Amino acid sequence: MTVRAGREFLAIPGPTTIPDEVLRAMHRPALDIYSGQMVELTDGLLRDLSKLFATKGQSYIYIANGHGAWEAVLSNVLSRGDKVLVLESGSFAMNWGKAARAMGAEVEVLKGDWCRAVRAGDVEARLSADKSHTIKAVLVVQVDTASGVVNDVEAIAKAIRAAGHPALFMVDTVASLGCMPFEMDKWGIDVAMSGSQKGLMTPPGLSFVAVNDRARAVHKVANMRTPYWDWTERDGIEHYRRYAGTAPVHLLFALRQAIDMLFEEGLENAFRRHQLLAEAVRRAVTVWSAEHVLGFNISEPPERSNVVTTVLMGSGHDPVRLQHYCNDKCGLVLGIGIGNLQGRAFRIAHMGHVNAPMILGTLGTIEVGLTALQVPYGKGGTEAAIAYLGEAVSG
Ligand SMILES: *Cc1c(COP(=O)(O)O)cnc(C)c1O
């Protein structure tokens, strides 16, 4: 017996729920890629992406996922043998660093752990010790989707400046853009990148990079540049060069619709919605933790992100069984633990096109799964989430 007929709910941290309006926006013929309409579509999106990154700098759209945008960033500013410093706080900055190593950079990891955010003081100390400025770039994620941590990107930027170090500061916002504040210019970030399929509610396949003048100056002398990713190639006057070939017309239709929806809601409102729903999830997990089988992966409450919550599951209980139960029996797709947390955690995504019924349904369904599998958990988690939202979202 199952209770899964009905709409399956994807509570994984990407791809996320795609709004019906966004799906419908793609249901039309392609445009002539040389037409004025196409140029307008591109120009509007590039302008709005820079607005999302909060930068006066130029944005670029790649037909690639986040891994592609990582290469785009690295290849445009690095030269072979350059050293980059990766700030560890989970798996994603580490994987960005692996790409850098494979491309010919020297990679140093500023050791962190998977249950804490990057400490800005450690970054300052490491950069202050690099007297000859051998480190050319610092890589960090705003939110690590594996550990569930949120890094204080602004504080890290300040630490880099406090050390008086000229390294480029490059930030991955794949899991966070459109869901929480990000201020590229104000915080002093040189390069930012993101992807379409998480907070931006668009099918996978597009990624975005924004660049300031400092990064552009370094770009001029970088020798890892290749034609597809190259910013200078894409700056050419012909529209065709913006995509280094045929434009991904339908994905652009989808992105246009998604960004329109985000701006219509208002970015500040979208951030607040994410914060409210994330806190509702945290209230539930706090109550569930009373039996010491479930618990937060991120130890410090302020370091828990508003887009994904990673829940540890111990005492011999298998999170993959819970994931299978929720999926097979109830039509809820939870994220599983990845990297170091494989087999030790599950993840609840609360990013993008999500609202109270989706999140409360997710929490209630997890409780159904825990009950069915006889996993001990503190009772009343979903009620705590309800009580919180009922108070925080005033009538
Ligand atoms: C999902 C994710 C990526 C990778 O994006 P893909 O589109 O899967 O290549 C990179 N960084 C972060 C923080 C992510 O959450």
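The values are calculated or read from the model by the stated rules, or taken from the named source; none is laboratory data. Quantities reported herein were computed from a predicted structural model and do not represent experimental measurements. Cβ sites come from the backbone with ideal geometry, for glycine too, and all protein chains shown count toward neighbours.
Summary table
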item: Filtered residues of the stretch 268-324 (kept if of a type in the set (Val, Ile, Thr), over 18 Å from Gly90 (Cα atoms) and assigned to a loop (DSSP other than H, G, I, E, B)); result: Val293
item: The stretch 3-15 residues that are within 16 Å of the ligand (Cβ to nearest atom), paired with ones that are β-branched (Val, Ile, Thr) and in a loop (DSSP other than H, G, I, E, B) (beta carbon under 6 Å, 6 or more apart); result: Leu10/Thr17; Pro13/Thr145
item: Failed condition for Thr246, given (1) under 28 Å from Tyr62 (Cβ atoms); (2) assigned to a helix (DSSP H, G or I); (3) touching a residue at least 24 places away in the same chain (Cβ under 8 Å); result: (2)
item: From Leu85, Leu52, residue being away from the ligand (no atom under 12 Å from the Cβ), in contact (Cβ under 8 Å) with a residue 12 or more places away in the chain and not in a strand (DSSP E or B); result: Leu52
item: Number of the exception - Lys158 against (1) more than 11 Å from the ligand (Cβ to nearest atom); (2) in a loop (DSSP other than H, G, I, E, B); result: (2)
item: Output for the stretch 110-133, where each listed residue is more than 16 Å from the ligand (Cβ to nearest atom) and closer than 27 Å to Leu341 by Cβ; result: Leu110, Lys111, Asp113, Cys115, Arg116, Arg119, Ala120, Gly121, Asp122, Val123, Arg126
item: Residue check, Val141 touching an Asp or Glu at 6+ places or on another chain (Cβ under 6 Å), under 22 Å from Ser305 (Cβ atoms), in contact (Cβ under 8 Å) with a residue 40 or more places away in the chain and within 11 Å of the ligand (Cβ to nearest atom); result: yes
item: Any hit, the stretch 125-143, residues being part of a loop (DSSP other than H, G, I, E, B), at negative phi, β-branched (Val, Ile, Thr) and buried (at least 21 other Cβ atoms within 10 Å of the Cβ); result: no
item: Total residues in the stretch 181-226, condition assigned to a helix (DSSP H, G or I) and polar (S, T, N, Q); result: 0
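So that you can scan it fast, the table gives a plain yes or no per residue for (1) crowded, with 24+ Cβ neighbours inside 10 Å; (2) assigned by TED's automatic domain parsing to the domain that holds Glu108; (3) near the ligand (Cβ under 10 Å from one of its atoms):
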| residue | (1), (2), (3) |
| --- | --- |
| Phe169 | yes, yes, no |
| Thr173 | yes, yes, yes |
| Cys179 | yes, yes, no |
| Asp185 | no, yes, no |
| Ala192 | yes, yes, no |
| Leu200 | yes, yes, no |
| Arg214 | no, yes, no |
| Ala217 | no, yes, no |
